[in-house]
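In what follows, a single structure is set out as structure tokens and then discussed.
Throughout, read-outs are computed from the coordinates displayed, never taken from laboratory work. Since the structure is predicted, the reported quantities are computational estimates derived from the model, not experimental observations. Using ideal geometry, Cβ is built from the backbone for each residue, glycine included, and neighbour counts are taken over all protein chains shown.
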Amino acid sequence: MAPTLYHYYWPVPITDESESMSSSQKLSWLEWLGILWIPVVMGLSVALIIFVVKTNSKACRDGLLVEQECHNVTSLLERQLTQTRQALQGTMDQATTCNKTVVTLSASLVKEKAWGQEQLTRGEKLQGEIETLKQQLQAALEEVKQLREGKEASSKERETSSVSSLKAPPGSVVVPVYLLLGLRALLA
């Protein structure tokens, strides 16, 4: 339905009938021009509005697509950031565990070095004792040898004096056995 326009005119005094007719015809022509002009302006306005809406709706759709893509990328980056943080936390936990292990192993290494040094010192001390015992054993063997030689000389004298003295005295065998047993106990 076309819009109705109401125009208010000032009352025009009618002096001449012909003049009033021509002025009403002029007004009517202007009215027609105004009536025709309004739909043209309205049509152009509607066309402009439709064009703007379509342009804006395409831009809005493009904007919504871009916004959705940005949201998806943001979500992906947030997930990756969360995973990276978790991996970093796991790595930091492992580093802490490794550091504790290194401290424990360092302390154990220090203890082992001290124990090894103690064993080395003890071994050197035992080696010195073994050397001393070897020297004592050597001296005891020399003494036993001298005693044997002395006993053999005396036994030869006895042998000539008695026939029953052919056996070796029991004391000459016992001393070296005791010395060997003592040396064996010290080495073990």
**Study point:** Anisotropy class of region 44-94 from Cα gyration tensor, a/c 1.5 cut
**Key:** prolate
**Study point:** Distance (nanometres) between label positions extended 7 Å along Cα→Cβ at ASN99 and GLU143
**Key:** 6.7
Check your understanding: How much FRET efficiency would the formula 1/(1 + (r/R0)^6) give for LEU88 and LEU64, where r is the Cβ-Cβ distance and R0 is 41 Å, rounded to 0.05?
Key -> 0.70
Exercise for review: Could you work out the local net charge near LYS145, counting Lys and Arg as +1, Asp and Glu as -1, over the other residues with Cβ closer than 15 Å to its Cβ?
Suggested key: -2
